């Protein structure tokens, strides 16, 4: 299994609260919600991340179809 990258992220408190509420609504942790939002942004930008073959958390993150345009 590929080791997950760790990083320190500083957020505006209002942004954190909005993400925390979104995470609670989707029954995810704040960390998983941030990764989910980043994956959505990558998909919209046409820069999707390659999923690891090790069955890590990236494989458990459900990604809905994102409307383009």
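The figures follow:
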quantity	calculated
Check on residue 10, part of a loop (DSSP other than H, G, I, E, B), surrounded by 14 or more Cβ atoms within 10 Å (Cβ to Cβ) and free of Cβ contacts under 8 Å to residues at least 60 places away in the same chain	no
Residue 28 being in a loop (DSSP other than H, G, I, E, B) and modelled with pLDDT of 95 or more	yes
Positions within the stretch 44-64 being within 11 Å of the chain's Cα centre (by Cα) and at pLDDT 95 or above, in sequence order	none
Long-range neighbours under 9 Å by Cβ, at least six apart or interchain, first residue over 17 Å from residue 18 (Cα atoms) within the stretch 31-45, second modelled with pLDDT of 95 or more	none
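The values are calculated or read from the model by the stated rules, or taken from the named source; none is laboratory data. Nothing here was measured: the structure is a model prediction, and the numbers come from that model. Glycine also receives a Cβ, built like all others from the backbone with ideal geometry; neighbour counts cover every protein chain displayed.
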